[in-house]
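First the structure, in the form of structure tokens, and then the observations on it.
The values are calculated or read from the model by the stated rules, or taken from the named source; none is laboratory data. The shown structure was predicted, so the numbers you read here are calculated from the model rather than taken from an experiment. Positions of Cβ are generated from backbone atoms using ideal geometry, with glycine treated the same way; all protein chains shown enter the neighbour counts. All accessible areas refer to the heavy atoms of the entire protein, side chains included, with ligands and DNA or RNA removed. Shrake-Rupley method; radii C 1.70, N 1.55, O 1.52, S 1.80 Å.
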Amino acid sequence: MTSDSPNTMGRFNIPPVTALAQVDREKIYQWINELSSPETRENALLELSKKRESVPDLAPMLWHSFGTIAALLQEIVNIYPSINPPTLTAHQSNRVCNALALLQCVASHPETRSAFLAAHIPLFLYPFLHTVSKTRPFEYLRLTSLGVIGALVKTDEQEVINFLLTTEIIPLCLRIMESGSELSKTVATFILQKILLDDTGLAYICQTYERFSHVAMILGKMVLQLSKEPSARLLKHVVRCYLRLSDNPRAREALRQCLPDQLKDTTFAQVLKDDTTTKRWLAQLVKNLQEGQVTDPRGIPLPPQ
């Protein structure tokens, strides 16, 4: 917006472009240019990652500027030797996570998302999701990498789900859901939830018994763990995954046998006392599993024939 349209700015309460804002913009251009040079890249990564929330068109600027995406991918590839054997330092982790933050910005912007997927850039992050070291640098690396995938699925775009289903993201998320930190588990479960909420994703997971049983087994382990160490936020995503699985007839039949008892009794009553949404989902899940079930005259479900 130019400074010669005061009426429009007044209506939206947008201040005119000030000299300071112009200087800031010049700094953004300068930092983007500095990404291309290894000598100036580290500081530029840090500064741009701080500004990514406040510059709405940063993603197109990064994507369309010469050599920038190649520089960000170089930052990622440079870390590969430090993940096996696991020697990643806090400094290395912080630096690559600044590069990942800029890629997340590109992944979530509507103008650059399709090109980001077409270039298969998420695949460069999968080696980080394969890591199992529990040190803080690795936890931070996994969490930030999951954040990029989370930003993609948050858009509810069909092309995102179609792309992810051609990759190994589901087993990678399941492994983190089983053994990651609580925050990593939450983001990984959110990604699985978003895949399941898409009809193609639900059909894919319920297509074979192996896929469904792997998902159900990990969700079951998580419920057991949550009964010992409750987390309302994580439980919410787990319940939503179960509820969505119950929309598939074959999965619903299997869930009647394998839904954890903790979701049927009062185990989580205290955790969910103020969470009306998750309580409603849980009630709907139990209702879905009861509907169409054959019972004998005493109201006891009969085993499947």
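Some points to look at:
- Taking a Cβ cut-off of under 15 Å around L129, the surrounding Lys, Arg, Asp and Glu residues balance to a net charge of +1, with basic ones at +1 and acidic ones at -1.
- Isotropic mean projected area of the C-alpha convex hull, the range 97-174 (nm²): 4.9
- Test item: Cα-centred dipole of the range 166-289, Lys/Arg +1 and Asp/Glu -1 on Cβ, debye: 260
- Pairs of Lys residues in the chain that lie 8 or more places apart, or on two chains, and have C-alpha atoms under 18 angstrom apart add up to 24.
- Tail weight of P(r) past 17 Å, computed on alpha-carbon pairs of the range 166-289, percent: 52
- For the range 166-289, with +1 on Lys and Arg beta carbons and -1 on Asp and Glu, the positive-most of C241, S179, L192 along the dipole: C241
- Of the residues H214, L125, V160, the one whose Cα sits farthest towards the positive end of the charge dipole of the chain is H214 (charges of +1 on Lys and Arg Cβ, -1 on Asp and Glu Cβ, taken about the Cα centre).
- Label sites at Y80 and T166, each approximated as a point 7 angstrom past Cα along Cα to Cβ, lie 2.0 nm apart.
- Computed about its Cα centre, the charge dipole of the chain is approximately 880 debye, with only Lys, Arg, Asp and Glu carrying charge at their Cβ.
- A cut-off under 11 angstrom between Cβ atoms defines the neighbours of T186, and their net charge, with Lys, Arg +1 and Asp, Glu -1, is +2.
- The Cβ shell under 13 Å around A71 holds other residues with a net charge of -2, Lys and Arg each +1, Asp and Glu each -1.
- Estimated D of the chain in µm² per second, where Rh is the Kirkwood radius over Cα pairs and Stokes-Einstein applies at 25 °C, 0.890 mPa s: 113
- Potential lengthening between K264 and A118 on full extension [0.36 nm per residue; Cα-Cα distance subtracted]: 48.2 nm
- Taking the helices alone, the chain has a mean residue ellipticity at 222 nm of -21000 deg cm²/dmol, built from -39,500 (n - 2.57) per DSSP H run of at least 4 residues and averaged over all its residues.
- Choice from V286, V106, V153 with maximal GNM fluctuation in the chain (Cα, 10 Å cutoff): V286
- The overall shape of the range 117-233, judged from the alpha-carbon gyration tensor, is oblate: a/c is not under 1.5, and a/b is no greater than b/c.
- Assigned charges on the beta-carbon of Lys, Arg, Asp, Glu; the range 26-155 dipole about Cα centre (debye): 420
- Of the accessible area of the chain, computed with a 1.4 Å probe over protein heavy atoms only, carbon and sulfur atoms account for 55 percent.
- Calculated accessible area for the chain comes out at 52 Å² per residue, all protein chains present (probe 1.4 Å; ligands, DNA, RNA ignored).
- Contact order, relative form, for the chain: 10 percent (alpha carbon pairs under 8 Å, 6 or more residues apart, mean separation divided by residue count).
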